[in-house]
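Values in this text are rule-based calculations from the coordinates and carry no lab data. Since we're looking at a predicted model, the values are computed, not measured. Methodologically, a virtual Cβ is constructed for each residue, glycine included, from the backbone with ideal geometry; neighbour enumeration extends over all protein chains shown.
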């Protein structure tokens, strides 16, 4: 049985190893996702309720983190990273993490989440090219890989370039 829950301090070492292993063979990775998470946890942009682990058979097999970003004057979310141990991939674990993260983000009142990722994976959760919302990347990236999802109904027009937490080094 899969359990998705908020990460706690006792999970940190296991999450570090899950991310290190998950991204070792990733097609697009700079290899420091696990270190980024360590830094983000110390940041003002860290939201403990949106730092989630997937547990199967008493073992952490996946992790997702949403952190605060700025789009113009608005505080919204970035999904990064999402990692699942290779032997547990293609079993719905990443999907469970994303869906639970979106559910919590909606309850917390966030309107948008952005992600830099696979145009074959994230659209199944409702992500579309961010430029369709008027949200721009702060770096050069193909439109189909810089995506956003509208989490809550809002009449506010949120347009602008994303400002990531400084820990992202962007």
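If you count the DSSP beta bridges with both ends in the chain, what percent of them are antiparallel, to the nearest 5?
85
Does region 1-94 come out rounded, prolate or oblate, given a ≥ b ≥ c as the square roots of the eigenvalues of its C-alpha gyration tensor, rounded meaning a/c under 1.5 and, failing that, prolate meaning a/b above b/c?
Because a/c hits 1.5 or more and a/b exceeds b/c, region 1-94 counts as prolate.
What 222 nm value per residue comes from the helices of the chain, counting each DSSP H run with n ≥ 4 as -39,500 (n - 2.57) and dividing by all residues, nearest 500 deg cm²/dmol? Walk me through the intermediate numbers first.
Working: 3 runs with 37 residues, N = 170.
Mean residue ellipticity at 222 nm (helix-derived): -7000 deg cm²/dmol.
Where does region 42-107 land on Rg(C-alpha)/(2.2 N^0.38 Å)?
1.19
If we sort 100-107, 75-82 on the protection proxy, mean other Cβ atoms within 10 Å, highest first, what's the order? Display every interim value, and only then the final one.
Working: 100-107: 17.2, 75-82: 21.5.
Order by mean packing, descending: 75-82, 100-107.
Hey, what angle do you get for helix 12-24 against the long axis of the chain, alpha-carbon based, 0 to 90 degrees rounded to 10?
80
Among [x] 10, 36, 32, 16, 6, 1; [y] 9, 37, 38, 14, 2; [z] 10, 41, 38, 10, 0, which one is P(r) over Cα pairs in 10 Å bins from 0, in percent computed from these coordinates?
[z]
Using a 10 Å cut-off on Cβ atoms, rank the peptides 155-168, 110-123 from the highest mean neighbour count down.
Taking the mean over residues of other Cβ atoms within 10 Å, the ranking is 110-123, 155-168.
Nearest 10 degrees is fine. How inclined is helix 93-107 to the longest principal axis of the chain, computing both from alpha carbons?
Computed tilt is about 50 degrees.
Could you state the number of Å between the C-alpha centres of region 45-65 and region 74-152?
16
If the chain between residue 87 and residue 120 were fully stretched, how many nm would it gain, using 0.36 nm times the residue separation less the Cα-Cα distance?
9.9 nm
Determine the percent antiparallel among the DSSP beta bridges restricted to region 92-170, to the nearest 5. Spell out each step's value before the answer.
Values: 7 of 9 bridges.
Antiparallel bridges make up about 80 percent of those DSSP assigns within region 92-170.
What number, in percent, do you get for the relative contact order of the chain if the mean sequence gap of Cα pairs under 8 Å and at least 6 apart is divided by its residue count?
After rounding, I find 22 percent.
With a ≥ b ≥ c the root eigenvalues of the C-alpha gyration tensor of region 119-170, is it rounded (a/c under 1.5), prolate (a/b larger than b/c) or oblate?
oblate
Which shape class applies to region 71-129: rounded if a/c is under 1.5, otherwise prolate when a/b exceeds b/c and oblate if not, where a ≥ b ≥ c are the square roots of the Cα gyration tensor eigenvalues?
In terms of gyration-tensor shape, prolate.
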